[in-house]
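Scroll down for the structure; my scribbles are underneath it.
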Amino acid sequence: MTELADEIREVAAQYPESRSAILPALRLAQEHHDGWLPPEAFEEVGVALGLTPAYCESVASFYDMLHLRPVGRHMVEVCTNICCALRGAQAVVEAFESELGVRCGETTEDGAITLRAVECLGGCGWPTIVAVDDYHRRDVQAADVPAILEELRGG
Amino acid sequence: MADRPVIVLAGADEHDLTKLAAYRAVGGYDALAKARGMEPQAVIDELVASNLRGRGGAFFSTGKKASFIPADSPKPTYLTVNADESEPGTFKDREIMLRVPHRLLEGCLITAHAIRSRHVFIYIRGEYLEEFEVLRAALDEARAEKLLGDVTVVLHRGAGAYICGEETGLLESLEGKRGQPRSKPPFPAIQGLYASPTLINNVETMATVPPIIAMGGAKYAKIGAPPDSTGTRLFCVSGNIERGGNYELPMGMTIREVLFDLAGGVPGGRKLKALIPGGSSMPILTADEIDVPLEHDALRALDTFLGAAALIAIDDRCCMVQLGLRVAQFYMHESCGKCTPCREGTRWMVQILEKIEAGHAEQSELDLLLDVCDRILGHCLCPLGDAAAMPIASYVTKFRDEFQAHVDQGGCPFKGSSTLEHVFAPVNQHSHHPTVEVPA
């Protein structure tokens with residue numbers, strides 16, 4: 001039995017029905033596969049939870065945080081919903097695009113960073129919200145972008 | 001400020017209430033002990049007496065909803081907490097989880113006692129990682145101190161889907177499926193999670209329960225704007241405003257007081273143009289409608305809602321067609337695809353708004369847009385379709401001149417200077433949303 005399967009079964013034990021563990025299981029599988037879900041990940045999750053790989057993929061495709069294509073080692077996500085947008089989110093997006101040389105939805109050639117625009121991150125009073133590897137930075141402005149990228153590239 | 005009651009966030013400015021010892025030092029978990037010494041029905045009676053209404057936006061009596069859970073169910077009963085806060089403009093539940101996680105947990109345990117449940121699931125949106133970690137640490141502390149009794153509390157992280165904040169979408173997701181809403185009835189109180197009786201409550205609602213039990217429902221019912229809008233709300237102030245953030249205030253203050261007296265007004269000498277109450281799904285108010293008190297009935301009289309207590313200020317630089325387009329893009333992205341009016345209608349809305357903004361729309365398309373909204377409203381299983389149609393229809397109706405100007409001038413009258421000019425929407429970077437052309 002693999003390490004991933006053990007972890008999935010441990011999580012599944014918390015629920016009356018093991019299928020409930022599919023989101024945590026897919027998240028664990030994603031961590032094991034460099035941040036995305038290749039076809040074999042659905043096999044692994046399916047075997048651990050007694051589900052078909054096709055079912056696992058259909059669930060994964062519903063959720064924005066589960067990635068069906070390869071991503072960079074770091075994920076930078078800029079909220080562009082209305083509250084951040086009213087306060088300059090687009091300038092933050094453009095600063096990341098120009099510093100990284102990619103457009104939203106793309107990954108840098110060296111595989112270091114994926115840039116995404118995302119829907120509301122729930123920090124509307126502290127615009128612009130940028131999620132860096134899932135941790136939220138508040139009050140980000142275009143001028144802050146080079147420092148954020150330097151931090152990621154140094155780390 | 002001193003005479004304004006602080007209930008949900010009480011003590012959080014003075015102490016680090018994420019730590020169990022600090023929370024207990026301010027009386028934390030005393031209400032749980034008190035509730036466990038009461039009959040479950042007596043706890044529900046206190047909640048009914050407080051007239052606490054659901055803080056997620058539906059504004060239904062929390063006590064009454066709890067009373068719908070059968071007391072003699074042969075199946076297990078479940079308490080599910082909706083921590084999937086995703087409505088643009090709302091960011092209050094995250095502040096509760098970050099600053100008073102034990103008050104939330106205490107509220108869950110009291111409510112579990114009230115409905116004789118031994119199983120609590122907290123469904124927390126996937127994007128709230130830091131909040132999840134704070135809550136997990138608080139739960140570990142509470143468990144180590146044996147405060148949970150015979151109740152299990154599971155923190156369940158979502159994975160990025162607005163629709164999972166809808167209660168039946170949440171249940172589907174928690175059961176390990178795509179988060180597509182169910183038809184009702186049966187209501188969750190009868191057949192919810194795993195087809196068992198299930199109570200679903202919002203984070204702020206749960207965090208308000210311990211203070212109510214501590215002070216008594218009758219006393220709580222006098223705070224705010226009784227009889228219907230009792231107590232405090234965490235108002236989420238955002239947009240073009242000097243001091244954005246959460247403000248816990250008694251219900252009944254006017255929007256103008258909150259925006260201008262507390263949050264510092266609109267910065268840069270700009271003029272307030274419009275205000276979205278409740279969250280992005282709510283009908284908009286014009287700047288001359290903001291003397292309305294923040295309570296349910298007064299906002300209903302203006303054909304809008306208090307919703308999840310968001311206040312999004314919009315200044316005079318914003319093009320309302322662009323606002324409509326960005327809001328419609330959000331709902332198109334988040335539509336789960338189950339009901340045709342919502343799945344197709346949100347796409348039509350986006351395409352018509354794109355044409356209007358580009359200056360290519362014909363006169364008849366303004367009315368076509370309203371017609372599309374009308375054909376969504378009330379025709380879907382869950383409120384997401386309405387959440388898209390209501391705001392867009394209100395922008396067209398209340399700012400008709402501006403929409404008309406786009407048609408008459410063959411383009412945007414802001415000529416590139418609007419605050420929302422060229423905002424990139426995530427829906428445009430995903431390949432799984434095929435573009436459907438609006439037939440001529």
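Values quoted throughout were computed directly from the atomic coordinates according to the rules given, and no laboratory measurement underlies them. Bear in mind the structure is a predicted one, so any value in this text is a computation, not a measurement. Note that we place each Cβ from the backbone using ideal geometry, even for glycine, and neighbour counts take in every protein chain shown.
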Among DSSP beta bridges lying fully in chain B, give the percent that are antiparallel, nearest 5.
-> 45
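Given axes a ≥ b ≥ c from the Cα gyration tensor, I'd like to know whether the range A:3-60 is rounded (a/c under 1.5), prolate (a/b larger than b/c) or oblate.
Details: a/c = 1.79, a/b = 1.28, b/c = 1.39.
Oblate is the answer for the range A:3-60, as a/c is 1.5 or above yet b/c matches or exceeds a/b.
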On Cα atoms only, tilt of A:22-32 relative to the major axis of chain A in degrees = 70
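Expressed in nm², what is the orientationally averaged projection area of the convex hull enclosing the Cα positions of chain B?
On the way: hull surface 82.7 nm².
Hull-based average projected area comes out at 20.7 nm².
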State, to one decimal in nm², a quarter of the convex hull surface area for the C-alpha atoms of the range B:20-222, i.e. the direction-averaged projected area.
-> 10.6
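Nearest 5 is fine: what % of DSSP beta bridges in the protein assembly as shown come out antiparallel, could you say? Before the final figure, lay out each step's value.
Values: 24 of 51 bridges.
Percentage antiparallel, nearest 5: 45.
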Roughly what angle does helix B:364-376 make with the longest principal axis of chain B, taking Cα atoms, 0 to 90 degrees, to the nearest 10?
-> 20
In degrees, nearest 10, the alpha-carbon axis of helix B:384-398 is tilted away from the dominant principal axis of the alpha carbons of chain B by 50
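Across peptide A:84-96, what mean number of C-beta atoms from other chains lies inside 10 Å of a residue's C-beta? Walk me through the intermediate numbers first.
Details: counts 4, 12, 16, 7, 1, 3, 6, 0, 0, 3, 2, 0, 0.
Mean number of neighbouring Cβ atoms from other chains: 4.
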Backbone HN-Hα couplings from phi across the range A:82-88 [Karplus 6.51/-1.76/1.60, Hz, Gly and Pro as x] | 4, 5, 6, 5, 5, 10, x
Relative contact order (percent, whole number), chain B, Cα cutoff 8 Å, 6+ residue spacing = 15
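Output the relative contact order of the range A:74-154, whole-number percent, from Cα pairs under 8 angstrom with separation of 6+ residues.
Details: 137 pairs, mean separation 31.7, N = 81.
Relative contact order, the range A:74-154: 39 percent.
Relative contact order of the range B:236-325: what whole-number percent is it, with Cα pairs under 8 angstrom and at least 6 residues apart? Spell out each step's value before the answer.
Working: 155 pairs, mean separation 31.5, N = 90.
It comes to 35 percent, rounded to a whole number.
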Starting from the amide H of B:Thr80, placed 1.01 Å from N in the peptide plane, find each other amide H under 5 Å away whose residue is 5 or more places distant or on another chain.
-> B:Phe121, B:Leu199, B:Ile200, B:Asn201
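Please report the antiparallel percentage of DSSP beta bridges with both residues in the range A:38-155, rounded to the nearest 5.
Just about 55 percent of them are antiparallel.
Scaled to the compact-protein estimate 2.2 N^0.38 Å, what is the alpha-carbon radius of gyration of the protein assembly as shown, rounded to two decimal places?
Details: Rg = 23.4 Å, N = 595, 2.2 N^0.38 = 24.9 Å.
The reported ratio for this selection is 0.94.
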If the cut-off is 29 Å between C-alpha atoms, which lysines fall inside it for B:Lys34, apart from same-chain ones fewer than 8 positions away?
-> B:Lys19, B:Lys64, B:Lys65, B:Lys75, B:Lys92, B:Lys146, B:Lys219, B:Lys222
